[in-house]
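*Asks:* Mind looking over this structure? Questions follow.
The values are calculated or read from the model by the stated rules, or taken from the named source; none is laboratory data. Here the structure is a predicted model, which is why all the values come from computation and not from measurement. Counting neighbours? That spans all protein chains shown, and the Cβs are built from the backbone with ideal geometry, glycine included. Ligands, DNA and RNA are stripped out before the accessible areas are found, and what is left, the full protein with its side chains, is counted by its heavy atoms. Shrake-Rupley method; radii C 1.70, N 1.55, O 1.52, S 1.80 Å.
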Amino acid sequence: MNNKQYDVVVIGAGPAGYVAAIRCAQLGMNVACVDEWLNHKGDPSLGGTCLNVGCIPSKTLLESSHLYAAASKEFADHGITVKGLHADIETMIARKDRVVNELTQGINALFKANKITLVHGHASLSPGKTVKVSDRGNGKTRESLQADNIIIAAGSSAVRLERAPITDDYIFDSAGALEFDSVPKTLGVIGAGSIGLELGSVWSRLGSEVVLLEAMDSFLPAADKRISREAFRSYQQQGLDIRLNARLLSTSVKQKKVHVTYEDTRGAQQVKFDRLIVAVGRKPNSDHLFGDEMELEIDEREYIHVNKYCETSVPGIYAIGDIVRGPMLAHKGSEEGIMVAERIAGQKSSVDYDLIPSVIYTHPEVAWAGKTEHACATAGIPVNVGTFPMAASGRARAMAATDGLVKIIAHKETDRIIGVHICAAQASELIAQAVIAMEMGASAEDLAMTMFAHPTLSESIHEAALAVHKRAIHTRS
Ligand code: FAD
Ligand code: AMP
């Protein structure tokens, strides 16, 4: 039995945990990381949800399906003829698996290079900063690790609905929706959040008729209203049938179809699909981690309670990533991992929780950082707003990507940029410029005075910054 003492034991090797482990090792600490993930072949695989069944596989399939949709719908306009176009789903999924495998193996290599001890198994916390490791499901302690500091990065799992239990062939969670063996003719998605929209987009681009049922009456409520309106219009135009105010009542599988009953403002509605994806959010993996003898506080939504430095109620035990409050995003967890590692090393690091970029990788993409106009109004913050439509961008026209806009919100008195909201092709890349500007405390004028290369999508950020002071060149501000 390994009874070794470590400076730090990290539980979970997702983007929060593996980044924390690497940073701790860089800072000279002796680190072990315990992870229980098994891939669909039954092999241990690092990277957690993000690399195995989240960010990476979804973006890989979004890329493949985007190419297919471009070939089938857009190439002709460029004078490119394609004959015999066919989506070979088996090859597409195999490519996705290859990308995932390369990246998860890459983390093994990083662990080796940083001399991090990797322990495969289920970790549970015991008093006295002990982490017990067992084989999944059997509960028998195989190893017991002692640590001066423990970082819990056990992540989250898909929320299950009793009304739509996952089945082998008909009702899938987000992980199952990355493994389809064929394109369903009709596909239902419960939940029109980022995951539902991205997975719905993948299969819609490959030919499925997709209906998204969303319980709320507003679409993407966390986004700026103008952006969510624009995205909604664009998604509807490309064939995603998004039904708001649609509360799931029941599902049943009959004659190889999923029969779904939902309620909207007109009463009970029925619809049937070849397959159904349940994408109604994720919940923290805080159960099966420790018993009552541990004095770790958990909040009412099962998140491990932490302060802004990710310190739990027990000194020397930290929690980061999806298992604590805040948006369930890989980069947020990674930054928390870096902060905690550096604070253990005695540095004064912190995370700027006001500037976490959010992205939805549809087409156009949606991305934002900072405050929405609505939040500013509610908080009584006086603002100037500048917008620039992508239709007025030369590069967007060349790319036939004219849907959407860039919106910049600046403080009326100081001109400091406090929110940037984008619905556009490559918004995921564009938003980084906004985050850098906001981190540096830039004003709209700072961006307006900066030279952007022409023709680029980035010029739309420049024009939106000019529009804050009503002096955009290529549109009327
Ligand atoms: P996880 O990635 O969930 O990792 C936790 C790890 O801990 C897992 O390996 C798990 O097996 C292990 N573990 C749990 N309990 C124990 C235990 N007791 N003992 C040992 N090991 C344990 N985020 C983005 O930022 N961008 C995206 O584009 C994006 N796309 C997504 C698409 C989909 C379909 C999904 C499902 C999620 C997506 N996310 C995206 C969210 C992102 O995956 C998560 O925010 C991120 O993975 C959280 O990282 P984490 O390290 O906190 O947890
Ligand atoms: P996200 O949390 O971004 O992954 O989004 C999940 C979405 O699912 C949210 O927009 C929820 O409103 C929606 N949702 C949750 N439960 C249901 C339900 N029973 N029926 C339809 N939509 C739901």
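*Asks:* Evaluate the following for V260: is it of a type in the set (V, I, T), open to solvent by less than 40 Å² (accessible area, probe 1.4 Å) and at pLDDT 95 or above?
*Replies:* yes
*Asks:* Can you pull out every residue in the range 275-290 that is in a loop (DSSP other than H, G, I, E, B) and either farther than 19 Å from L329 by Cα or open to solvent by less than 50 Å² (accessible area, probe 1.4 Å) (or both)? Break it down into steps so the answer makes sense when it comes.
*Replies:* We begin by selecting, within the range 275-290, every residue in a loop (DSSP other than H, G, I, E, B); these are 279-281, 285-289.
The answer is A279, G281, N285, S286, D287, H288, L289.
*Asks:* A further question follows. Condition test on Y235, is it in contact (Cβ under 8 Å) with a residue 24 or more places away in the chain and part of a strand (DSSP E or B)?
*Replies:* no
*Asks:* Related question: Within the range 322-333, can you find the residues that are open to solvent by less than 20 Å² (accessible area, probe 1.4 Å) and out of contact with any Leu (no Cβ under 9 Å at 6 or more places or on another chain)? So that I can check it myself, show each step before the final result.
*Replies:* Step one: of the range 322-333, the residues open to solvent by less than 20 Å² (accessible area, probe 1.4 Å) are 323-324, 332-333.
Listed by number, the residues that qualify are V324, K332, G333.
*Asks:* Right, L38: farther than 24 Å from E342 by Cβ, within 15 Å of ligand 1 (Cβ to nearest atom) and surrounded by fewer than 16 Cβ atoms within 10 Å (Cβ to Cβ) or not?
*Replies:* Details: farther than 24 Å from E342 by Cβ: yes; within 15 Å of ligand 1 (Cβ to nearest atom): yes; surrounded by fewer than 16 Cβ atoms within 10 Å (Cβ to Cβ): yes.
Against the criterion (farther than 24 Å from E342 by Cβ, within 15 Å of ligand 1 (Cβ to nearest atom) and surrounded by fewer than 16 Cβ atoms within 10 Å (Cβ to Cβ)), L38 qualifies.
*Asks:* Okay, moving on. Surrounded by fewer than 19 Cβ atoms within 10 Å (Cβ to Cβ) and either of a type outside the set (D, E, K, R) or farther than 26 Å from G200 by Cα (or both): which single residue out of I344, I338, I381, I360 fits that description?
*Replies:* Details: I344 fails: surrounded by fewer than 19 Cβ atoms within 10 Å (Cβ to Cβ); I338 fails: surrounded by fewer than 19 Cβ atoms within 10 Å (Cβ to Cβ); I360 fails: surrounded by fewer than 19 Cβ atoms within 10 Å (Cβ to Cβ).
Checking each option against the conditions leaves just I381.
*Asks:* Moving to a separate point now. Considering only the range 52-89, how many residues are within 25 Å of the chain's Cα centre (by Cα) and either loosely packed, with under 11 Cβ neighbours inside 10 Å or aliphatic (A, V, I, L, M) (or both)?
*Replies:* Matching residues across the range 52-89 total 8.
*Asks:* Could you please give the count of residues in the range 1-18 that are more than 8 Å from ligand 1 (Cβ to nearest atom), open to solvent by less than 30 Å² (accessible area, probe 1.4 Å) and of a type in the set (A, V, I, L, M, F, W, C)?
*Replies:* Adding up the residues that qualify gives 3.
*Asks:* Where residues in the range 461-471 are farther than 16 Å from I436 by Cβ, within 33 Å of the chain's Cα centre (by Cα) and not charged (D, E, K, R), which of them is surrounded by the fewest Cβ atoms within 10 Å (Cβ to Cβ)? Write out each step before concluding.
*Replies:* At the first step, the residues of the range 461-471 found to be farther than 16 Å from I436 by Cβ are 463, 466-471.
Okay, now just the ones that are also within 33 Å of the chain's Cα centre (by Cα), so 463, 466-468.
Cutting the leftovers down to not charged (D, E, K, R) gives us 466-468.
Numbers: L466: 23, A467: 26, V468: 26.
By that ranking, first place goes to L466.
*Asks:* Please note which strands (runs of 3 or more DSSP E) are completely contained in the range 153-224 and include at least 3 residues that are more than 10 Å from ligand 2 (Cβ to nearest atom) and either under 22 Å from Q269 (Cβ atoms) or open to solvent by less than 50 Å² (accessible area, probe 1.4 Å) (or both).
*Replies:* Qualifying strands (runs of 3 or more DSSP E): 186-190, 209-213.
*Asks:* I've got another one for you. Tell me the residue from G404, G386 that is within 24 Å of the chain's Cα centre (by Cα) and open to solvent by less than 30 Å² (accessible area, probe 1.4 Å), please.
*Replies:* Only one candidate passes the filter, namely G404.
*Asks:* Right, next: Taking the range 119-152, which residues are within 18 Å of C24 (Cα to Cα) and either open to solvent by 70 Å² or more (accessible area, probe 1.4 Å) or among the acidic types (D, E) (or both)?
*Replies:* So in the range 119-152, the residues within 18 Å of C24 (Cα to Cα) come out as 119, 129, 131, 145-152.
Within the range 119-152, just D148 meets the criteria.
*Asks:* OK, next. So, of the residues in the range 225-257 that are away from ligand 2 (no atom under 14 Å from the Cβ) and β-branched (V, I, T), which turns out to be least open to solvent (accessible area, probe 1.4 Å)?
*Replies:* I227
*Asks:* Identify, from the list G79, G121, G106, G137, the residue that is more than 16 Å from ligand 1 (Cβ to nearest atom) and not acidic (D, E).
*Replies:* That would be G79, the only listed residue that is more than 16 Å from ligand 1 (Cβ to nearest atom) and not acidic (D, E).
*Asks:* Kindly evaluate E293 against the criterion of being away from ligand 2 (no atom under 16 Å from the Cβ) and either open to solvent by 20 Å² or more (accessible area, probe 1.4 Å) or part of a helix (DSSP H, G or I) (or both).
*Replies:* yes
*Asks:* Considering only residues that are closer than 13 Å to E365 by Cβ, open to solvent by less than 20 Å² (accessible area, probe 1.4 Å) and outside any loop (DSSP other than H, G, I, E, B), which ones fall in the range 421-459? Explain how you work it out, then say what you get.
*Replies:* Of all residues in the range 421-459, those closer than 13 Å to E365 by Cβ come to 421-432, 457.
After this cut, where a residue has to be open to solvent by less than 20 Å² (accessible area, probe 1.4 Å) as well, the list is 421-425, 427, 430-431, 457.
Residues satisfying the conditions are H421, I422, C423, A424, A427, L430, I431.
*Asks:* Only residues in the range 381-397 that are within 18 Å of R476 (Cα to Cα) count as the first member; pair them with residues that are of a type in the set (S, T, Y) and surrounded by 20 or more Cβ atoms within 10 Å (Cβ to Cβ), Cβ under 9 angstrom, at least 6 apart or cross-chain, and list the lot.
*Replies:* Close Cβ pairs (under 9 Å, with a partner that is of a type in the set (S, T, Y) and surrounded by 20 or more Cβ atoms within 10 Å (Cβ to Cβ)) amount to F388/S460; P389/S460; M390/S460; A392/S460; S393/S460; A396/S460.
*Asks:* Against the definition (within 27 Å of the chain's Cα centre (by Cα), open to solvent by 50 Å² or more (accessible area, probe 1.4 Å), closer than 30 Å to A13 by Cα and of a type in the set (F, W, Y)), how does Y309 come out, yes or no?
*Replies:* When the stated conditions are applied, Y309 passes them.
*Asks:* Out of V406, V366, report the one residue that is more than 29 Å from V159 (Cα to Cα), in a strand (DSSP E or B) and not polar (S, T, N, Q).
*Replies:* V406
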